[in-house]
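The numbers here are math on the coordinates, done by the rules we state, and not lab data. Note that the structure is predicted; figures quoted are calculated from it, not measured. So basically every Cβ, Gly included, is an ideal-geometry build from the backbone, and we count neighbours across all protein chains shown.
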Amino acid sequence: MSTTTTTGMINGRLRRTVAPAAYPVSVADAKKQLEIATDDTAHDDQLTELIAAATEQWEHDTQYVCVSSTYEYLLDCFPAGSRAIRLPVRPVTSLTSVTYLDGSSSETLATTVADLDRKKDFLALKYEQEWPSITTQTDAIVITFEAGYAASQCPRFIRRAILLQVAKWFEDRDMMLGQTEANFDIAYERIARKLGRSSYP
C-alpha cells in the first residue's frame, strides 16, 4: 500500500544563521570578465561589494543558494492537509533539526516521523505518520537546514549570471548605458528564468 505525498508552501519566515564562507566568483574572476589587469587593485573593494550584491540578487531572484549556508525556517504551525513542507530555498543538502513547542517545552521531531526529501527539497512525513500537536504561537516550529553548493562546485551557469550582473553594475554605475544595459538584462534573465520560481521577476 502506498500513500500520496502532497506538498505545499505555507507562510513562514526564513533567516540565514550561518553565512557562506566564500562567494561563488572571485575578484580575479570579475577582473577577467571586465578585462581589468590582475595587478590593477584600484577597483578591488568595489568589485568585492558588487560580487556580494550580485550574489544576493541571484538568490533573491531564483531562491537558489550559491554557496553552502545554514538557515532557519520558522513556522507558526504544521500544514493542515499536507504531508510535506516545501523549503523556500534550494538545493537543500542536509536537515539539521526540526523543533516545535509542545506546551512550555521544546521538542525535537524525530526523523522516523518526518525527514528531508533531497530530490524535491521538502520535509516529508514518513509512512503512516502525522504532524504532532503544537502550541499555537508565532514561530512555534523551527526547521534548521543547510542549502547551497561548495564554493568550488557552484554551477558554471550561476557563476556566469553573477558575473554578468557584476559587469552590468560596474560598467553602468550611472545607469546611462541604454541599449547595453538592456542586453545585460536579457542575458541575465535568460539564465535566471531557467531556475526562477514564481517570485521572479
Specify the inter-centroid distance of region 84-117 and region 137-159, based on alpha-carbon positions, in whole Å. 14 Å
So, with points 7 Å from each Cα along the Cβ direction, the Thr17-Ala53 label distance in nm works out to 3.1 nm
Residue-by-residue Karplus 3J(HN,Hα) for region 155-160, coefficients 6.51, -1.76, 1.60, Hz, glycine and proline x: x, 4, 5, 5, 4, 5
Through the Karplus equation 6.51 cos²θ - 1.76 cosθ + 1.60, θ set to phi - 60°, convert the phi angles of region 55-63 into ³J(HN,Hα) values in whole Hz; use x for Gly and Pro. 5, 4, 5, 4, 5, 5, 6, 10, 6
Quick one: length gained pulling Arg160 to Ser94 fully straight, 0.36 nm per residue minus the C-alpha distance? 21.2 nm
Residues with amide H under 5 Å from that of Ala114, placed H, sequence gap 5 or more: Lys126
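In which sequence would Lys126, Lys119, Lys168, Lys31 go, from the one with the fewest C-beta neighbours within 10 Å to the one with the most? It would help to have the intermediate numbers written out before the result.
On the way: Lys126 14, Lys119 7, Lys168 21, Lys31 18.
Least crowded to most crowded, the residues run Lys119, Lys126, Lys31, Lys168.
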Mean Cβ-within-10 Å packing, highest first, puts peptides 93-100, 15-22 in the order 93-100, 15-22
Taking the dipole of region 114-158 about the Cα centre (Lys, Arg +1; Asp, Glu -1; charges at Cβ), the one of Cys154, Gln129, Ala114 that reaches farthest to the positive side is Cys154
Projected label distance in nm at Asp76 and Ala151, using a 7 Å step from Cα toward the beta-carbon: 4.0 nm
Neighbourhood net charge (13 Å Cβ-Cβ; Lys/Arg +1, Asp/Glu -1) for Pro24: 0
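Taking neighbour counts of Cβ atoms within 10 Å as a proxy for exposure, in what order, fewest first, do Glu146, Glu171 appear?
Numbers: Glu146 16, Glu171 12.
Listing Glu146, Glu171 from fewest to most nearby Cβ atoms yields Glu171, Glu146.
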If only Cα atoms are counted, what is the Rg of region 61-161, and what is its Dmax, in Å? 15.0, 49
Spelling it out for Thr135: with amide H atoms placed in the peptide plane at 1.01 Å from N, the residues 5 or more places away or on another chain with amide H under 5 Å from its amide H are Leu101, Asp102, Gly103
Any idea what the dipole of region 64-145 comes to, in debye rounded to 20, about its Cα centre with Lys/Arg Cβ at +1 and Asp/Glu Cβ at -1? 440 debye
Put +1 on the Cβ of every Lys and Arg and -1 on every Asp and Glu Cβ in region 37-110; which of Gln46, Thr96, Ala84 then has its Cα farthest towards the positive end of the dipole? Ala84
Counting sequence-distant residues (5 or more places) and residues on other chains, those with an amide H built under 5 Å from that of Phe122 are Leu87, Asp117
